[in-house]
Amino acid sequence: MTVSEDLFARALRLIPGGVNSPVRAFRSVGGAPFFVKSARGATLTTADGRELIDFVCTWGPAIHGHNHPRIKAAIADALENGTSFGTPNPYEVEMAELITRFVPSIQKVRLCNSGTEATMSAIRLARGFTRRDKIIKFAGCYHGHSDSLLIKAGSGALTHGHPDSAGIPAAFAQETVVLPYNDRAAVEAAFAANPGQIACAIVEPYCGNVGFIMPDAGWLQHLRIVTAKHGALLIYDEVMTGFRLHKAGVQGLLADESDNCGRGAPTPKNVMPGEGTRPTSTPLVSLSTLPDLTCLGKIIGGGLPVGAFGGRADIMDMLAPLGPVYQAGTLSGNPLAMAAGIAALRLLDEENPYTHLDTLGQQLRDAVLTAAKSKGLPVQVPQCGSMLSAFFTPTCVRDYATALTGDARLFAKFFHTCLAKGVYLPPSAYESWFLSTAHDGPAIDRACEVMNEAIRDL
Ligand SMILES: *Cc1c(COP(=O)(O)O)cnc(C)c1O
């Protein structure tokens, strides 16, 4: 028995499914998960001493690679002064200053402990502010596991074949209107059918939880205009994309009019020749893309547990203690998590690695496309910056339904061949792959080689 097998057997007796987050369990690709004893740069070292090139990057946070010396030093420094105070601390102020400086739509911000807390609280705030109950979400977008949001939620829920969770009262689910991503008519129809009742629309502006999907040109702008017209708030869930695609998240890309990583409006170039197309004619509406509220997490914790939500000051001031919307947290603004996050954000500010990360992302995308092409295998590889994923399908993937046309069985085979050759991809066809600045050089070259071989063997 390997060390991982022994650990998993022990875990299975005491932890449901042996894991503390379902998608770690390998259910969608088969087999048992491995345990990791350490991680550095782009490499995971398993409990059995195997080294793997990691494209999960702790599901997004590790944009600087694992165990970056600057982040480690920042945590060590903070540790000298204590782990939690239960009073305001100076790190919280610095974090709030960094976030509001990088993300112009955020005038005020509240820090919490996870992305789930951020989205849950932003929804409550939107309901309190508008005095309306219904919300719009989009199929395949994952916003954490709170009741109103865990409906057609992609990610782990989809991987396990349960697009909706048990345990959510029908009365709660009725308050959530679920629409197809990238569908303008559906948004207009939902507002027409629920006049004066919709508090907000929440969206992953680039969707990363059903594989990686980009918005059609102009779709986010349309969503902004329609929500504003009906007095509803627009919430961008940038827990995954915040600080990953641009220092100001997707809203930074859009405001720069550099949608699709500066490559202009999304084009079918990530699609096999002759396959699907995207509408590209709508002009981008500069600045009219900014959301009322934004949710953050993952990268802003530098690998420690953090979430944040922020936006217009008049809305944020509805929060307790100023206003009637209650939200709280014993460990919110925790000094260790703040110190790690501040170090991570400062590094991004200094290095501005986004163009470089996009080059690495394109290298990986091209390796998959080229290998698939020479084998005559249809594949879609949407990619922007350090996020991408591969759908084994001839269909252009632009929403939840088309994402499901991807051949998950073929992905599972691809996944296991890559893993056997030392490359760790997310253990599900419906998750984004992540790159870090540490993937530069030999790691990316080796990964391209392995993916080429794995596709040849499919
Ligand atoms: C990961 C994620 C969340 C949930 O964050 P947790 O820290 O896991 O609770 C919410 N929204 C999006 C877009 C995410 O990717």
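The values are calculated or read from the model by the stated rules, or taken from the named source; none is laboratory data. These figures come from a predicted structure and were not determined experimentally. Note: ideal-geometry Cβ built from the backbone for every residue, glycine included; neighbour counts use all protein chains shown. The protein model used for the area step is the full one, side chains on, heavy atoms only, and it has no ligands, DNA or RNA in it. Shrake-Rupley method; radii C 1.70, N 1.55, O 1.52, S 1.80 Å.
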Where the second residue is open to solvent by 10 Å² or more (accessible area, probe 1.4 Å) and of a type in the set (Lys, Arg) and the first is within 18 Å of residue 213 (Cα to Cα) and within 11 Å of the ligand (Cβ to nearest atom) and lies in region 232-244, which pairs have Cβ atoms under 7 Å and are six or more apart or on separate chains?
239/298; 240/298
Cβ pairs under 6 Å, 6+ apart or interchain, first in region 380-398 and under 11 Å from residue 368 (Cα atoms), second in a loop (DSSP other than H, G, I, E, B) and of a type in the set (S, T, N, Q), ordered by first then second residue, are 389/432
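The rows are residues; the columns are (1) among the aromatic types (Phe, Trp, Tyr); (2) open to solvent by less than 30 Å² (accessible area, probe 1.4 Å); (3) closer than 20 Å to residue 209 by Cβ.
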| residue | (1), (2), (3) |
| --- | --- |
| 337 | no, yes, no |
| 344 | no, yes, no |
| 356 | no, no, no |
| 367 | no, yes, no |
| 388 | no, yes, yes |
| 403 | no, yes, yes |
Please count how many residues of region 38-71 are over 30 Å from residue 6 (Cα atoms) and without any contact (Cβ under 8 Å) to a residue 24 or more places away in the chain.
1
For region 306-329, which positions are among the aromatic types (Phe, Trp, Tyr) and not in a strand (DSSP E or B)?
326
